[in-house]
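The structure appears below as structure tokens.
The values are calculated or read from the model by the stated rules, or taken from the named source; none is laboratory data. Computed from a predicted structure; not experimentally measured. Cβ: placed from backbone, ideal geometry, glycine included. Neighbour counts: every protein chain shown.
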Amino acid sequence: MVIWYIIALVSAFVISFVGVPLTAKMAFKIGAVDKPSARKVHKAKMPRLGGLGIFIAFTVTALIFLNLSAPVVGVLVGACVITVVGVLDDIYQLSPVVKLLGQSIAAVVAMSFGVMVHFLTNPFDGLLWLGYLSIPITFLWIVGVTNAINLIDGLDGLAAGVSAIAAATMGVVALLNGGYETAFMAFILVAALSGFIPYNFFPARTFMGDGGSNLLGFLLSCIAVLGAVKSAAIFSLFIPIVILGIPILDTFFAIIRRINRKAPIFKPDKGHLHHQLLAMGLSHRNSVLVIYSISGLLGVIACICNFLSGPKATLLGALLLLIIVWGADKLGLFSATGEHKAKTMSLKESASDNKLTRS
């Protein structure tokens, strides 16, 4: 059985590693490219179909090696929907409404196959059963995480690396709680991302595009829900929120920042975490590595929470939140000043942040 798992993970890696260069060539042929301009640092056209390589590697491996239960089929069908919409956006620049519609359809498909949050963790112990509220909460979770991953795709290798760390952590937590199928799915995603990252880490040779970032957010949100269904109560959505702390909190801070500035919530700015790290003088590569480190630390904390009772996990979560809010304030993530500090950052990051207007 162990050999079976190893073969699956190696297959996902190889398919991705071999397939991503092929999708890059396809991108040039069909016009899915990021063209150079006065606002972008790259001097040549960059292919934007790397996410398609991740999708093919994950889907093919899952179809061959996973037990195709109803929820797994729902995830795969939803992944097809969201990837198609994302690729079309990479080629034709779809409107925000069309993109949101595609994300919504993918979420509904997954939910109709049984990918549902039925309960939340009671902060003091036990469960809070949701009843009919499970439908809107699951929907908002899937669409929200999908967009959160999309919004952090601002530096080479950032979204892919953070997603790989999150998926690996979810896999470990699922294993600890007996959710072996969910863990297997998470590790397949890690393997597929491992084949993509060598082409995407700074300096990138290909971008994942919206097709990739939306796919990663969708898969991570669904894996988190499946882990909550199959694992211990404490997993619920508490641990996934910790695991996905970087994209979720960065998106939340962006909303607060724009409300404070009386600016439209979807108006792009330069106040994200990676912008602030660049403004502090860190290089592109080091900024990404710092965020990787924070994601890894959050992953370790999530694993620790798995062994704690509800009240203890809640106390640790509250302490962690206080530290994060303090750090975010020090970095200027709540204020407009961070935007002015970041004027010297790479123009590529500025351009990539325009995803806020398209998500």
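If you filter the range 169-228 down to residues that are surrounded by fewer than 24 Cβ atoms within 10 Å (Cβ to Cβ) and in contact with a Cys (Cβ under 9 Å, 6 or more places away or on another chain), you find that the one that is nearest to Ile294 (Cα to Cα) is Val172. Taken over the range 120-134, the residue count meeting the criterion of being outside any loop (DSSP other than H, G, I, E, B), modelled with pLDDT under 90 and of a type in the set (Gly, Ala, Ser) is 1. Just one of the listed residues (Leu347, Leu277, Leu315, Leu297) is at pLDDT 80 or above, surrounded by fewer than 20 Cβ atoms within 10 Å (Cβ to Cβ) and closer than 24 Å to Gly161 by Cβ, namely Leu297. Among residues of the range 1-15 that are closer than 19 Å to Ser194 by Cβ and of a type in the set (A, V, I, L, M), those with a beta-carbon under 7 Å from a residue that is at pLDDT 95 or above and surrounded by fewer than 19 Cβ atoms within 10 Å (Cβ to Cβ) at least six positions away or on a different chain give the pairs Ala8/Phe65; Ile15/Val60.
Of all the criteria given as (1) at pLDDT below 85; (2) of a type in the set (Phe, Trp, Tyr); (3) touching a helix residue (DSSP H, G or I) at 6+ places or on another chain (Cβ under 7 Å), the one not satisfied by Phe307 is (3).
If I filter the range 118-141 for residues that are farther than 13 Å from Val225 by Cβ, of a type in the set (A, V, I, L, M) and under 21 Å from the mean Cα position of the chain (by Cα), do I get at least one hit? Before you say what the answer is, go through the steps one by one.
First pass over the range 118-141, keeping only residues farther than 13 Å from Val225 by Cβ: 121-129, 131-133, 136.
Cutting the leftovers down to of a type in the set (A, V, I, L, M) gives us 127-128, 133.
Of the ones still in play, those that are also under 21 Å from the mean Cα position of the chain (by Cα) are none.
Checked the range 118-141: no residue is farther than 13 Å from Val225 by Cβ, of a type in the set (A, V, I, L, M) and under 21 Å from the mean Cα position of the chain (by Cα).
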